[in-house]
Amino acid sequence: MAPPILNSPIQLSPAAALALSQQAPAFLRSSPSTVSSSPLGTLFSGPEKSEQWLQYENLIVSCLRTGDDQAAHQCLQRLVVRFGDDNERVQAIRGLVKEAEAQGNGALEEVLNEYNQILNENDANIPIAKRRVALLRSMGRLSDAASALVQLLDFSPTDAEAWSELSDIYLSQGLYPQAIYAMEEVLVLAPNAWNVCSPTKAPNLSPMLMHPSQIHARLGELQYMAATAPGVANGLYQKYMAEAVKRFSRSIELCDDYLRGYYDLKLVSKRLLNDGTKATRPTDDSEFALPDTKTIERLNELATAKLSEIVRRSAASDRGWRGYNEAEIAATRELLADDASAIKR
Amino acid sequence: MAQVPVQTIHRDPQLFYWILFPITIVMILTGVLRHYATVLMASAPKKQDQKTTREQRSLLHGINVRGNYHVLSKPSLTTRRDALITAYESGAYLKNPDGRGQPPPNPMSDPSAMEGMMGMMKNQMAMIIPNTLIMSWINAFFSGYVIMKLPFPLTIKFKSMLQAGVATRDMDPRWMSSISWYFLCIFGLQSVFNFLLGSENAASQMAQQMNQMGPQGAGQMFGPGVDPNKQFLAEAENLAVIEHHSVLDGVEQRLLAGIKV
């Protein structure tokens, strides 16, 4: 039996998550239920492996997702036996299990009260603080979640995960400048990292794979959204658009054939061409200026060519061109078709 | 030139069983015991309170901004820099802002630092006590025995290493005394412990001494006796002298030049 993967299961498709959680009983049977710490035990069975505990965590998440609460409880029990009841991480996982099983808002309130109590005793308990934020957000109390996160980031400002979550919350509230600021913090903290994750989608325990080009593209998208929000002054619009173009270009520079980067670049350059706004020099020399029309045209052409190449090759499933997300390919096709029909007209 | 006659010493073969094996077994057992004693005595890492975390991470945040400012545009760097410098210089992130400018407290009087030293003391004790005991045990019972002959020739320099406790000038260095076997065991059992206890064991003192040399650099940053206020002021200065450039400067041109369709 292949062991449950060590990567976080949050990005799995529903089918893959189900397959993983169906392996749970076999995995529980194959690994010993208690780890003996006696000298003889380690002499015979070998030292315990730290990956094992990560596997339990991932298994809990996918079991909760697929509704196999019993297996999740068994895994949790083993973690409790090994690390004790008051381990911060175990507390967070237990909270996660309770949240998943809670029926209705009353039960969630109860879990929230427990979190508050734990935080009263130890205000530096970061896993629980993050769970509390995630719970507040899933209960729809966005501003509470944001203020709790700001509080967390005040004493732990090097937490890229929390910044990225804050950015997401601000975005859902429509506060673009704040969201951009938070995303920039993520980039400052993890310019080369593969792992930044967003806690509400995940149980904030295991990192999600994220490439720096993704952060750049995300930041560019935020800029684009900020620029296209209603009621933005022209100067601000140009500033946002200029940075968006640059961020998308950077994301492609970091990762060749990056579909999302090209898609975004195409989108933003098309819009700039359609606008026909003349690039005005920004009053302040320090800000980015929009590139001239010719450069934008060339960028647009480049993006179009690359996108159609990616679509074509991935449809033919050439070697080295597989693995693009189906939905993203479909969206790209739509964008290209849209473009083509516009030209015909 | 006359051939040097091969030295032969008639030993009781029982010496082999009653000295060599007991010393080896005792050494292995003490190693295993020491490992478990260290595991038992290890105190759980002390929890940091919120203010200490805040102080340390705020400083790290500044260091991160200084190191990776090139991903930011100039206005966003400026706002961050201004905010950080103001906060650093006003001591907003300090654990106890009242203590600014005072000389750092004596590390001996700080209870949290004392605890770290106690931990080190305990480890040292776990090394020293068994070693002293075994050494005196071997000295009392086995001193002066020549227990085996190595199967390969050695130069005269090895005499002091292999024949400790046997003061015979003319003996071939291939002969080995019991106390030397003990020293060989101290240095050579590391791989046996790795096999028995896993690679992160605390059985061998050599590994522990290496560790004590190692983490000086990392531990020093927030260690006792370092004045955080001075660190903050130094970091504020570092931030102030950044001359901004960005990876986003001219990225479109780079992209157009670099990627051919």
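Just so you know, all these numbers are worked out from the coordinates, no wet-lab data involved. All figures in this text were calculated on a predicted structure; none of them were measured in a lab. Cβ sites come from the backbone with ideal geometry, for glycine too, and all protein chains shown count toward neighbours.
Tally Lys and Arg at +1 and Asp and Glu at -1 over the other residues with C-beta under 11 Å from the C-beta of A:TYR324: what net charge comes out?
On the way: positive: A:ARG260, A:ARG313, A:ARG322; negative: A:ASP257, A:GLU326, A:GLU328.
Residues near A:TYR324 contribute 0 overall.
Once you have a ≥ b ≥ c as the square roots of the Cα gyration tensor eigenvalues for segment B:143-198, tell me rounded if a/c is under 1.5, and otherwise prolate or oblate according to whether a/b is larger than b/c.
On the way: a/c = 2.90, a/b = 2.11, b/c = 1.37.
It comes out prolate by the Cα gyration axes.
Multiply the residue gap between A:ALA229 and A:GLN151 by 0.36 nm, knock off their C-alpha separation, and tell me the result in nm, one decimal place.
Numbers: separation 78, 0.36 × 78 = 28.08 nm, distance 2.83 nm.
25.2 nm is the gain from fully extending A:ALA229 to A:GLN151.
Sticking with the crude label model, points 7 Å out along Cα→Cβ, report the distance from A:SER172 to A:GLU301 in nm, one decimal please.
That separation, rounded to one decimal, is 4.3 nm.
So what are the ³J(HN,Hα) numbers for segment B:175-186, from phi and the Karplus equation (6.51, -1.76, 1.60; θ = phi - 60°), rounded to whole Hz, Gly and Pro as x?
Residue by residue, segment B:175-186 yields 6, 10, 9, 5, 5, 5, 4, 4, 5, 4, 4, 3 Hz.
Modelled label-to-label distance, A:ALA316 and A:VAL81, 7 Å Cα→beta-carbon offset: nm?
Inter-label distance under the simple model: 5.6 nm.
With charges set only on the Cβ (+1 for Lys and Arg, -1 for Asp and Glu), what does the dipole of segment A:238-345 come to about its Cα centre, in debye to the nearest 20?
In debye, rounded to 20, segment A:238-345 gives about 260.
So what are the ³J(HN,Hα) numbers for segment B:67-76, from phi and the Karplus equation (6.51, -1.76, 1.60; θ = phi - 60°), rounded to whole Hz, Gly and Pro as x?
x, 10, 5, 5, 7, 9, 7, 4, x, 6
Once amide H atoms are built 1.01 Å from N in the peptide plane, which residues 5 or more positions from B:MET148, or in another chain, come under 5 Å H to H?
Excluding prolines and chain starts, which carry no amide H, the hits are B:MET176.
Once every Cα of segment A:238-345 carries one equal point scatterer and solvent is ignored, give the base-10 log of I(q)/I(0) from the Debye formula at q = 0.22 Å⁻¹, two decimals.
-1.19
Given an 8 Å cut-off on Cα distances and at least 6 residues of separation, report the relative contact order of segment A:238-345 as a percent.
Working: 81 pairs, mean separation 30.0, N = 108.
Taking the mean separation of contacting Cα pairs over the length of segment A:238-345, I get 28 percent.
So for segment A:238-345, if I pair up every lysine 8 or more residues apart or on another chain, how many of those pairs have alpha-carbons under 19 Å apart?
So the count of such lysine pairs works out to 19.
Place +1 on the Cβ of every Lys and Arg and -1 on the Cβ of every Asp and Glu in segment A:238-345, take the dipole about the Cα centre, and give the residue among A:LEU265, A:GLY323, A:ALA340 whose Cα lies farthest towards its positive end.
Sorting the options by dipole projection puts first A:ALA340.
A:SER308 to A:ASN274: FRET efficiency via 1/(1 + (r/R0)^6), r the Cβ-Cβ distance, R0 22 Å, to the nearest 0.05? Working shown, then result.
Values: r = 20 Å, r/R0 = 0.90.
Once the sixth-power term is evaluated, E becomes 0.65.
For A:TYR263, A:TYR181, which order do you get if you count the other beta carbons within 10 Å of each Cβ and list the fewest first? Each step should come with its number before you reach the end.
On the way: A:TYR263 22, A:TYR181 18.
In order of increasing Cβ crowding within 10 Å: A:TYR181, A:TYR263.
Using only Cα atoms, what is the ratio of the radius of gyration of segment B:40-89 to 2.2 N^0.38 Å? Walk me through the intermediate numbers first.
On the way: Rg = 15.9 Å, N = 50, 2.2 N^0.38 = 9.7 Å.
Taking N as the residue count of segment B:40-89, the ratio is 1.63.
Among the listed pairs A:LYS130/B:LYS74; B:LYS95/B:LYS122; B:LYS51/B:LYS230; B:LYS95/B:LYS230, which have their C-alpha atoms separated by more than 21 angstrom in this model? Don't jump to the answer; show the numbers that get you there.
Details: A:LYS130/B:LYS74 31 Å; B:LYS95/B:LYS122 30 Å; B:LYS51/B:LYS230 17 Å; B:LYS95/B:LYS230 13 Å.
Among A:LYS130/B:LYS74; B:LYS95/B:LYS122; B:LYS51/B:LYS230; B:LYS95/B:LYS230, the Cα-Cα distance tops 21 Å for A:LYS130/B:LYS74; B:LYS95/B:LYS122.
Let me know the charge dipole size of segment A:286-340 about its Cα centre in debye, to the nearest 20, where only the beta-carbon of Lys, Arg (+1) and Asp, Glu (-1) is charged.
Numbers: 8 positive and 11 negative charges, 76 e Å.
Here the size comes out at about 360 debye.
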